[in-house]
Amino acid sequence: MAKITYIAHDGSSRTIDVKPGLTVMEGAVKNNVPGIDADCGGACACATCHVYVDEAWMEKTGAVSAMEESMLDFAEGVKANSRLSCQIKVSEALDGLVVTTPESQH
Amino acid sequence: MSQAGVVIVGAGHAGGSAAAFLRQYGYDGSITLIGEEPLAPYQRPPLSKAWLKGEADAEALMLRPESFYAENAIGLRLNARVDRIDRDGRAVVLGDGDVAPYETLILATGARARRAPLPGLDLAGVLVLRTAADAELLKTALGPGKRLAVIGAGYIGLEAAASARALGAEAVVIEREPRVLARVACPALSTFFQDYHQARGVHFILGAGVDGVIGADGRAAAVKLGGDSLVEADAFLVGVGAVPNQELAADAGLHCNDGIVVDLNARTSDPKVFAIGDCTRRPMPIYGGRMHRLESVPNALEQAKQAAAAIVARPAPAGEVPWFWSDQYDLKLQIAGLAFDAVQTIIRGDIAAASFAVFHLDAENRLQAVEAVNAPQAFMAGRLLIGQRKAVAPDKLRDMSVSMKEVAA
C-alpha cells in the first residue's frame, strides 16, 4: 500500500492507503475524495481529474505523455506541477505522495 | 425500512454518483440505492472497449468498492426491482412487496438496448451490450476463429468490432444507413472510421435492410438480409440505439417525452422527484434551451451533481458542455457539443495521418461541436469555445500554423 494525501482547495485533507497498480485518480474516486470527477474513468479523455503534485514528488510521478500534456494545456488553472491523476500509477515508490485538487474540474 | 430520506432507483453510474455527491455535499439523511443488477455501480463504457479486450478486470470496472457504501451509510439494495412509485404516499414499491418511503426520490433508471422488431432476435446467441452480464456473454462468444456479426454501425457496434478483431475474431458490421455512425457523426468522420476498420479486417455491409436472424438447432446461425442473402456467424450483436427506461415515471404520471422530462436542477414535474442520466430529456442551455436526451457518463455525472446540489440547497453547479468519447484500436475520438444548428464544417489536421478534428459552426461562426480524432488540443479548446458561445475565425481554425491556444484566445 502507498499512503496518498489528497488536499482539497479549502485546505482540508485526507490520507488514504491506495493499492499499487491503481491510479491516483482511482484512489480518490473509490474513496469519495471530493474534487476529482474523472468523467471518463481514466481514459485520458476529459481532464476532470486534474491535480497539483507536491513539488518534492514531481519527478517520482513519472513523465507526462504528449496526450496528457495536450489535455492539460486547456484545463483550468494549470500550473507547472499540474498532472492528470488518472495518468499517475501508484507504486510503493509513491508512498507519502501529496496532491492538491483544484477548486473545480472542467 | 428506515426513515424516509433519499431513495435512488437505479444503481448505475448516475445513481451511484448521486449517492456519493450527496454525502460529499454533507447530506446526513438516509440514502437508499436500489439496483436491478447484482453489481454495485460500475462503469459501462469499458464493456465494449478495454474490458472486452481483456485489458481491464471486473474490479477495475467497479466505481467504488462495495465497502464504500456501508462506510458512507448508503443502503445498497441489489438484485431489487422497483415496480411502481406511489407519489401520494411518497414511497416506492419493490418487486418483493417491500415499500421504501422517500422524502426525495431520484430516478436513475438508465436506458436499455433497443430491440428491433425482427424475427429471430430472441434466439440464443443474439446479444445486446448494455450490462456487465451482456458483456460477459459477448466476450465468451469471441476469440480466434470465431465470427461476430454486428447489426448496427453505431459506437457500440464499431467498438465491439474493434475489440473482436483484437481478440482474433472476424467481424462483419451490417448497417441500414449508407454510412457508419450515421446518426452520431458527420460524413467525413464516417468515411474515416469505415476505412480504418476495413484496413484492420472488419467487413461492412452498408445500406442493407435486415429481415431477421435465422436459427439452427435453436441457436442463431445467420443474419438474413433483404434479397435473401445470409451472413453466417457464431455470435450476433444488435446495437441499434437505446430506449430510455421511463415507464416507472410515466406510470406515476410524471411528464415524459422520449425520456423523463427534467429541468436544470434535474427535477421532474414533481418537485419531490428528480431524474438523472440516460433516462432523462433535459434542457440544453448552450443550444437555446432546447430539450435533448444525452446518453453519456459526463451527462450522468452532471445531472447527479445538479440533483444532489438541489437536495442539499447548494448553488447549482455551472453548466457543462456535453461531450462523448470512444476508443477504437489506437484511435481516441473525443466529441464536444452537438451540431444542432451547424451550417459550416471545417477540417483541421490530416485525416490520412489519423490526427484531425472536424469543427461545426453555426451561421454566426459560433462553434457548435467538434469531433476530434487523436487531436486532444482541438477537443479541449473546442469544448471551451463551445461554452463561450463567441464567434471564431474559420480561417484560423483551418490553419495548422495557428495553434489551438491562439484560436481560443
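The values are calculated or read from the model by the stated rules, or taken from the named source; none is laboratory data. Fair warning: this is a prediction, and the values are worked out from it, not measured in the lab. Cβ atoms come from the backbone with ideal geometry, glycine included; neighbour counts cover every protein chain shown.
In the list B:GLN334, B:GLN303, which residue meets the criterion of being polar (S, T, N, Q), within 14 Å of chain A (Cβ to nearest Cβ), crowded, with 22+ Cβ neighbours inside 10 Å and in contact (Cβ under 8 Å) with a residue 60 or more places away in the chain?
Numbers: B:GLN334 fails: in contact (Cβ under 8 Å) with a residue 60 or more places away in the chain.
Sole residue among the options that is polar (S, T, N, Q), within 14 Å of chain A (Cβ to nearest Cβ), crowded, with 22+ Cβ neighbours inside 10 Å and in contact (Cβ under 8 Å) with a residue 60 or more places away in the chain: B:GLN303.
If you check B:LYS390 against the conditions, is it surrounded by fewer than 19 Cβ atoms within 10 Å (Cβ to Cβ), within 14 Å of another protein chain (Cβ to nearest Cβ) and either closer than 13 Å to B:LEU189 by Cα or among the charged types (D, E, K, R) (or both)? Let's see the steps before the verdict.
Working: surrounded by fewer than 19 Cβ atoms within 10 Å (Cβ to Cβ): yes; within 14 Å of another protein chain (Cβ to nearest Cβ): no; either closer than 13 Å to B:LEU189 by Cα or among the charged types (D, E, K, R) (or both): yes.
For B:LYS390, the condition - surrounded by fewer than 19 Cβ atoms within 10 Å (Cβ to Cβ), within 14 Å of another protein chain (Cβ to nearest Cβ) and either closer than 13 Å to B:LEU189 by Cα or among the charged types (D, E, K, R) (or both) - is not met.
Answer yes or no: is there a residue in the range A:42-55 that is touching a residue at least 24 places away in the same chain (Cβ under 8 Å), more than 22 Å from B:SER326 (Cα to Cα) and out of contact with any Lys or Arg (no Cβ under 9 Å at 6 or more places or on another chain).
Looking for residues that are touching a residue at least 24 places away in the same chain (Cβ under 8 Å), more than 22 Å from B:SER326 (Cα to Cα) and out of contact with any Lys or Arg (no Cβ under 9 Å at 6 or more places or on another chain), one finds at least one in the range A:42-55, hence yes.
Checking B:ALA14 against (1) out of contact with any strand residue (DSSP E or B) (no Cβ under 9 Å at 6 or more places or on another chain); (2) closer than 30 Å to B:TYR329 by Cβ; (3) not in a loop (DSSP other than H, G, I, E, B), only one condition comes out false. Which one?
(1)
The conditions are (1) within 23 Å of B:GLN388 (Cβ to Cβ); (2) at pLDDT 95 or above; (3) touching a His at 6+ places or on another chain (Cβ under 8 Å); (4) within 14 Å of chain A (Cβ to nearest Cβ), and B:GLU320 fails exactly one of them. Which is it?
(2)
Filter the range B:28-46 down to residues that are within 12 Å of chain A (Cβ to nearest Cβ) and assigned to a loop (DSSP other than H, G, I, E, B) and give me whichever is surrounded by the fewest Cβ atoms within 10 Å (Cβ to Cβ). Show your work before the answer.
To start, the set of residues in the range B:28-46 that are within 12 Å of chain A (Cβ to nearest Cβ) comprises B:40-46.
Still in the running and assigned to a loop (DSSP other than H, G, I, E, B): B:40-41, B:43-44.
Values: B:ALA40: 20, B:PRO41: 29, B:GLN43: 22, B:ARG44: 22.
Here the answer is B:ALA40.
Given A:VAL64, A:VAL53, A:VAL24, which one is in contact with a Cys (Cβ under 8 Å, 6 or more places away or on another chain) and more than 12 Å from every other protein chain (Cβ to nearest Cβ)? Before the answer, list the steps.
Values: A:VAL64 fails: in contact with a Cys (Cβ under 8 Å, 6 or more places away or on another chain); A:VAL53 fails: in contact with a Cys (Cβ under 8 Å, 6 or more places away or on another chain).
Being in contact with a Cys (Cβ under 8 Å, 6 or more places away or on another chain) and more than 12 Å from every other protein chain (Cβ to nearest Cβ) holds for just one of A:VAL64, A:VAL53, A:VAL24, which is A:VAL24.
So, A:ASP37, is that one part of a loop (DSSP other than H, G, I, E, B) and within 14 Å of chain B (Cβ to nearest Cβ) or not?
Values: part of a loop (DSSP other than H, G, I, E, B): yes; within 14 Å of chain B (Cβ to nearest Cβ): yes.
In short, yes.
Could we say that B:ALA339 is free of Cβ contacts under 8 Å to residues at least 60 places away in the same chain and either closer than 22 Å to B:ALA153 by Cα or more than 9 Å from chain A (Cβ to nearest Cβ) (or both) here?
On the way: free of Cβ contacts under 8 Å to residues at least 60 places away in the same chain: no; either closer than 22 Å to B:ALA153 by Cα or more than 9 Å from chain A (Cβ to nearest Cβ) (or both): yes.
No.
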